[in-house]
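Visitor: Sending over a structure as structure tokens; questions will come in a sec.
The values are calculated or read from the model by the stated rules, or taken from the named source; none is laboratory data. Everything numeric in this text was worked out from a predicted model, so none of it was measured. Methodologically, a virtual Cβ is constructed for each residue, glycine included, from the backbone with ideal geometry; neighbour enumeration extends over all protein chains shown. For the accessible areas, the whole protein counts, side chains as well, though only heavy atoms, and no ligand, DNA or RNA atoms are used. Shrake-Rupley method; radii C 1.70, N 1.55, O 1.52, S 1.80 Å.
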Amino acid sequence: MAQYQLGRRRLLQASALAFAAAAAPWIASTASAARLVDEDGYDLWLRYPLVSDADRLEQYRRSLTSIARHGDGPVLANAEAELRRAIEGLTGHTPADVRASKAAIVVGRVQDSAVLRSSVDEDRDFRLREQGFVITSVGARNGRRRIFVIGHTERGVLSGVFHLIRLLQLHTPLSKVSTRQNPAVGLRMMNHWDNRSGSIERGYAGTTIFGWDDLPVISDRHVDYARAMASIGINASVINNVNADADFITSGMLDKLAPLAALFHSWGISLWLSVDYASPLVLTTDDEDPIATADPADPRVRQWWSAKAGEIFSKLDGFGGFLVKANSEGRPGPLDYGRTHAEGANMLAKAVRPHGGKIVWRSFVHEDFSDWAEYQYRTFAPLDGDFDDNVILQTKYGPIDFQVREPVHPLFGRMRRTHQMVELQLTQEYTGHAMHTCYLAPMWREVLSFPTQGPVSGPTVAEILAEGSLRKPCTGIAGVSNFGNDHDWTGYQLGAANTYAFGRMCWDTDTDPRDLAEEWVRMTFGTDAKVTRAVVDILASSRETYEAYSSPLGLGYFTNPGGDHFEPNPRATLFQSHHTTAEGTGFDRTAATGSGFAGQYPKAWQDVYESPDTCPDELLLFMHWVRYDHRLRSGSTVIQHIYDTHFQGVEEAHRFLLAWRALAGRVDGQRHADIEAAFTAQLEHARLWRDVVVGFYFDYSRRVDERRSWFQVALGGRRVLLGGRANLLP
Ligand code: GCU
């Protein structure tokens, strides 16, 4: 890991220098470049530069002259402060603090003010829910506009305020800011995989932002983290790794965490902790009378957890509950004592219930490679209905492990009497770390809109997450965070597009990923239409590009399983994720002749996945083993498709670099150079992917590429491809 970081940084630095030398004269001759102040990405999308459109600036200055707030809680105070900060930045004027009856902008809870109540126009179709909000813009006689931001709860008002700020950042006319919104799901949660040592599991942006050893002192970074999360609607944050260290719930650590929880709470975010299931055993070993078990049926274990839950809830303001990884990848759990996952989860659920807490229990469990995809379903499907009401089952979007393409997990459609959350991954563990631009929102959208019962039979995953179980609503979406202590938070500037889109998509699961990309680009880089178009185009196609040069047709996991999941190595997962031979490739996961995974779906999906003739091409090699000359819908053979996509993917990565270069002078120099360096490094690494995978398939298949010529040589122990007569290598 450390070695990789070093290598990556060196690559980035080298390409940054090369670019600076090549581009400097051109930049110097660009008039607008002088006006763009260098930025390092720290402000993320929360940038409030003076509005560049003169008419809009004039309108904002004329109308946004004062703010009145109803209510005194800390969340509302933060909402007001952020609104002031935004308006000051965007207009250059400081809004006055006045009485509600006069104010240009009034914010608060509907129940706290008659002025606010009278401004909500009655709309029977809209029921303002707990965390929803209404923004109403009304024309006043003097030609100005008045704006009301209203919610039932402080969190609702805060979301409304951030939404208004977003509209102002996007230079929306004030006559068009009226809106009424409820979040799609109740729990919109970040999962940080931050370790007690400060490192981050699968983190590519430095060490933890939480600075455990400096707590209880609250830093600017803590505050800015909370602001950023609140701004995109996140309302829960699990701050430590699912491979949990029991130390996080010791009394000493809880004292350190208390101010962090209070800070989160003041931004409408509940702090959660991942817990080690064996905590009662681990944390009492030095006691006079240690508890030598973590068996959920043992009365001392139950009592220990109840007391611990009491302590945690009393120390941490707004604490949410526990996230648990049990009996997975060597972690302890109820199975160690002959109990089921439901029995294990329910014991913890009872401990937190008196405090209104919840347990999020992960279904990511597996035993060996032969039934990796099937094991989770086999383990959890029989437990549907057995979990307590304050337990939520958190399932990764696909059955393998955050690959660039996986079928949507069959558990979602199966566990209808269990509360469920989907687990997405923002940190790009298998999708290029902090080097490859890979905007994941299009994939998340596919997952959320997947009809669980068959190609045309709902409910979709999003509907299941929004409605909760058939028993009662209790809903959520979780994402493994990509934040770290690097100055730009995500390790490469464009990585924040994933963070932004995640929060916004949790709020509105129907949003178009392209629209979210556009919002993010405009808030991050300004309103230059050329920049917006170019970056949105790159982001929108980046996932397919990554897929093309890494592992098309549902082949996934072409990296070393025990390693960093970054360097291409299809040989390392032979048998685990594909059975490549001289005749063909893929993995037979059919019910008829394979591992049986396709049979875990409802009949209508089984019918689709079970045959290579009906299986969608993009999942073909996930579900089937086929011969190299198998024809895809495009008419191409599988082997030719593998060759073509790898070459095309690299061409696309090259196009990204050129498109970005063409924006020199339109983005500040510092960020332009940073991103240029990242695209240069991505292109290099994409070439490596192409060379390794194409080489691997040629080795096994001995089929010649029909469209281009290249030949293989072994160079310094590494297999590389050299361009042939067509000179197709960019
Ligand atoms: C992956 C990842 C691990 C992580 C695990 C999990 O296997 O590589 O680092 O702990 O997922 O989600 O629990």
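Visitor: When the accessible area of the chain is split by element with a 1.4 Å probe, what percent falls to carbon and sulfur? Numbers along the way, then the final one.
Guide: Values: 13600 of 26960 Å².
Heavy-atom surface of the chain belonging to carbon and sulfur, 1.4 Å probe: 50 percent.
Visitor: Right, something else. Would you mind checking which residues have amide H under 5 Å from GLN420's amide H? H placed 1.01 Å from N; only 5 or more apart, or other chain.
Guide: Under 5 Å from the amide H of GLN420 lie the amide H atoms of LEU393, SER469, each far enough along the sequence or on another chain.
Visitor: Counting DSSP beta bridges with both partners in the chain, what percentage is antiparallel, nearest 5?
Guide: Bridges in the chain that DSSP calls antiparallel: roughly 35 percent.
Visitor: Hey, rough spin-label estimate for ASP564 and ARG533, points 7 angstrom out along Cα→Cβ, what's it come to in nanometres?
Guide: It works out to 3.8 nm between the two label points.
Visitor: Would you kindly find the accessible area of ARG353, with a 1.4 Å probe and non-protein molecules such as ligands, DNA and RNA excluded, rounding to the nearest 10 Å²?
Guide: Taking all protein chains as shown, ARG353 has close to 120 Å².
Visitor: Please give the peptides 693-699, 329-335 ranked by average Cβ packing (other Cβ atoms within 10 Å per residue), highest first, as a rough proxy for protection.
Guide: Those peptides, ordered most packed to least, come out 693-699, 329-335.
Visitor: May I pose another question? Which net charge results when you count Lys and Arg as +1 and Asp and Glu as -1 among the other residues whose beta-carbon is under 12 Å from that of GLY320?
Guide: Here the count lands on +1.
Visitor: Is the C-alpha gyration tensor of region 187-511 telling us rounded, prolate or oblate? Criteria: a/c under 1.5 is rounded; beyond that, a/b larger than b/c is prolate, otherwise oblate.
Guide: oblate
Visitor: Among 454-461, 164-171, how do they line up from the highest to the lowest mean number of other beta-carbon atoms within 10 Å?
Guide: Result, highest mean first: 164-171, 454-461.
Visitor: Right, something else. Rolling a 1.4 angstrom probe over the protein chains, ignoring ligands and nucleic acids, what is the accessible area of LYS315 in square angstrom, nearest 10?
Guide: Approximately 60 Å² for this residue.
Visitor: Please list HIS152, HIS433 in order of solvent-accessible area, largest first, computed with a 1.4 Å probe with all protein chains present. Please list the in-between numbers first.
Guide: Details: HIS152 75, HIS433 5 Å².
In descending accessible area the options line up as HIS152, HIS433.
Visitor: Rounded, prolate or oblate: which fits the chain when a ≥ b ≥ c are the square roots of the eigenvalues of the alpha-carbon gyration tensor, with rounded for a/c under 1.5 and prolate only if a/b beats b/c?
Guide: Numbers: a/c = 1.67, a/b = 1.14, b/c = 1.46.
Verdict is oblate for the chain.
Visitor: Nothing charged except the Cβ atoms of Lys and Arg (+1) and of Asp and Glu (-1): what's the magnitude of the dipole of the chain about its Cα centre? Round to the nearest 20 debye.
Guide: Here the chain has a charge dipole of around 2040 debye.
Visitor: What list of ³J(HN,Hα) values in whole Hz, one per residue of region 240-246 in order, does the Karplus curve 6.51 cos²θ - 1.76 cosθ + 1.60 (θ = phi - 60°) give from phi, with Gly and Pro shown as x?
Guide: Each residue's phi maps through the Karplus curve to give 10, 4, 5, 7, 7, 8, 4 Hz.
Visitor: In addition: Over the Cα atoms of region 525-564, Rg to Rh with Kirkwood Rh, two decimal places?
Guide: Ratio of gyration radius to Kirkwood radius for region 525-564: 1.23.
Visitor: Hey, got a sec? Which GluC sites (Glu not before Pro) in region 72-170 land in a DSSP loop and have at most 13 other Cβ atoms within 10 Å?
Guide: On the way: sites: GLU80, GLU82, GLU88, GLU122, GLU130, GLU154; in loops: GLU122, GLU130.
Those satisfying the criteria are GLU122, GLU130.
Visitor: For a Förster distance of 56 Å, can you work out the FRET efficiency between the beta-carbons of ALA96 and ASP613, rounded to the nearest 0.05?
Guide: 0.20
Visitor: Also: Could you list which residues have their amide H under 5 Å from that of LEU323, counting only those 5 or more apart in sequence or on another chain, with H placed in the peptide plane?
Guide: LEU273, SER274, VAL275, VAL360
Visitor: Given Cβ point charges of +1 (Lys, Arg) and -1 (Asp, Glu) and nothing else, what value in debye, to the nearest 20, does the dipole of region 567-720 about its Cα centre take? Walk me through the numbers before you get to the answer.
Guide: Numbers: 18 positive and 20 negative charges, 53 e Å.
Dipole about the Cα centre, nearest 20: 260 debye.
Visitor: Now for a separate question. Quick check: with the 1.4 Å probe, what order do THR532, THR94 take by accessible area, largest first?
Guide: The ordering from most to least exposed comes out as THR94, THR532.
Visitor: OK, next. Please state the charge dipole magnitude for region 54-181, taken about the Cα centre, from unit charges on C-beta atoms (+1 on K and R, -1 on D and E), reported in debye and rounded to the nearest 20.
Guide: 300 debye
Visitor: For a quick protection proxy, order the peptides 507-519, 231-243, 646-658 by their average other-Cβ count within 10 Å, most packed first.
Guide: 231-243, 646-658, 507-519
Visitor: Now for a separate question. Once label points are set 7 Å from the Cα along Cα→Cβ at both THR172 and VAL456, what is their separation, rounded to one decimal in nm?
Guide: 3.6 nm
Visitor: Write out the trypsin sites (Lys or Arg not before Pro) in region 386-443 meeting two conditions: DSSP loop, and at most 14 other Cβ atoms within 10 Å of their Cβ.
Guide: Loop-located and lightly packed - ARG417.
Visitor: Let me ask something additional. Name the chymotrypsin sites (Phe, Trp or Tyr not before Pro) in region 94-167 that are in a loop by DSSP and that have at most 15 other C-beta atoms within 10 Å, would you?
Guide: Answer by residue number: PHE126.
Visitor: Using θ = phi - 60° and the Karplus curve 6.51 cos²θ - 1.76 cosθ + 1.60, what whole-Hz ³J(HN,Hα) does each residue of region 456-464 get, with Gly and Pro shown as x?
Guide: Taking θ as phi minus 60°, the curve returns 10, 10, x, x, 6, 4, 4, 5, 5 Hz for region 456-464.
Visitor: If I stretch the segment between GLU463 and ASP336 completely, what's the gain in nm (0.36 nm per residue apart, minus their alpha carbon distance), one decimal?
Guide: 42.2 nm
Visitor: Say each of THR293 and GLN111 gets a label point 7 Å from the Cα, pointing the same way as Cα to Cβ; how far apart are those two points in nm?
Guide: 4.6 nm
Visitor: Give the accessible surface of the chain per residue, rounded to a whole number of Å², with probe radius 1.4 Å and ligands, DNA and RNA excluded.
Guide: 37 Å²
Visitor: Turning to a different aspect of this structure: For GLU706, tell me the accessible area in Å² from a 1.4 Å probe, rounded to the nearest 10.
Guide: Answer for GLU706: close to 140 Å² accessible.
Visitor: Then there's this: Which of the lysines could be linked to LYS350 by a straight reach, that is with a Cα gap under 23 Å, when you skip same-chain ones fewer than 8 residues away?
Guide: LYS308, LYS315, LYS325, LYS358, LYS472
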